[in-house]
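To keep things clear, I will list the structure first and then write my remarks on it.
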Amino acid sequence: MFDEDGSLDPLLKFLLYAVLALAIGKMVWEWLTDDVSRWITVDLWGLIADHPWWTGFIAVGALATLTLVTRLLSFRFGAGTYAYVGDGEDYASTAAPGEAVDPDVLTFKMKQLAAMTATGFEQACADLLARDGFRRTRRVGGAGDLGVDVTARDHDDRLLILQCKQYQNPVGSGHVQKFNGTARLHHGADVPIMIGLNGFTQPAIDFAAHHDLILMGRPELKKWAHGQHLYDVLGIPSTTQ
């Protein structure tokens, strides 16, 4: 009934919305076919014609009120939802295991990451790196990227190269082998990381372990997306940790 993020199953949610839409549609149809047309064409128009100034004042007031409410809601639920740590700012640990995450720290649900475009998923990974205090974070993924989707530098000036795979199935060994051939040799990565939204096959895991590549599967990605620092999740030592 509920998915991993605590929300309703999509099919159940669709059925509930469908029932609600049918009920509302029936009510609206009965209302429209009753006497609403007469109310609009006769009563309402007559009221506007008799009191044009009052009608104008009411319309302007309603518009101003709607604008104010929209801005308040945007400020309440949008502007303060998360914040980025800019280049040059020191990283402050977000949350240890079992602790609540600061509401001003950027987080994503796994369902949100899965619903993004491939480019959006790459940008989300870049935004999470910026949140963790990495410097010169940049999304570079695209045609001809040679295995690089995101680059960044940590406080020890090590180069991170991320390749982000949003595949519905586990990433296979072939993709990991291609990443191995470009991450260090071509791009000079100090910390090569491959991210798989839905994990990796066992041959891919075995190959990565043999070549010292860092794989971030679904459990690790979830911890990172939910507020933990990347290096804490992956167990990578740093002078700032």
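Coordinate-derived values only; no laboratory data. Please read all numbers here as calculations on a predicted model, not as lab measurements. Methodologically, a virtual Cβ is constructed for each residue, glycine included, from the backbone with ideal geometry; neighbour enumeration extends over all protein chains shown.
Order the peptides 121-128, 209-216 from the highest to the lowest mean number of other Cβ atoms within 10 Å of their residues.
Numbers: 121-128: 21.9, 209-216: 16.1.
Packing proxy ranking, top to bottom: 121-128, 209-216.
Rounded if a/c is under 1.5, else prolate if a/b beats b/c, else oblate: with a ≥ b ≥ c from the C-alpha gyration tensor eigenvalues square-rooted, which is the stretch 109-241?
Values: a/c = 1.26, a/b = 1.07, b/c = 1.17.
Because its axes are fairly even, with a/c under 1.5, the stretch 109-241 counts as rounded.
I want to check the label-to-label distance for T117 and S238. Put each point 7 Å from Cα in the C-beta direction and report it in nm to one decimal.
If labels sit at T117 and S238, their model points lie 2.9 nm apart.
List the lysines whose Cα lies under 24 Å from the Cα of K109, skipping any in the same chain that are fewer than 8 positions away.
Partners within reach: K13, K165, K222, K223.
Let me spell out the model: positive unit charges on the Cβ of Lys and Arg, negative unit charges on the Cβ of Asp and Glu, origin at the Cα centre of the stretch 145-240. What dipole size does that give, in debye rounded to 20? It would help to have the intermediate numbers written out before the result.
Numbers: 8 positive and 10 negative charges, 58 e Å.
Computed about the Cα centre, the dipole is about 280 debye.
If packing is taken as the average number of other Cβ atoms within 10 Å across a peptide's residues, how do 58-68, 109-119, 158-168, 176-186 rank, most packed first? Walk me through the numbers before you get to the answer.
Details: 58-68: 10.3, 109-119: 14.3, 158-168: 20.2, 176-186: 17.7.
Top of the packing list down: 158-168, 176-186, 109-119, 58-68.
Around R184, what is the net charge, scoring Lys/Arg as +1 and Asp/Glu as -1 over all other residues with Cβ under 10 Å from its Cβ?
-2
Would you tally the net charge around T117, using a Cβ to Cβ cut-off of less than 14 Å, leaving T117 out, and scoring K and R as +1, D and E as -1? Mind dumping the intermediate values first?
Details: positive: R139, K165; negative: E122, D149.
Once all neighbours under 14 Å are counted, the net charge is 0.
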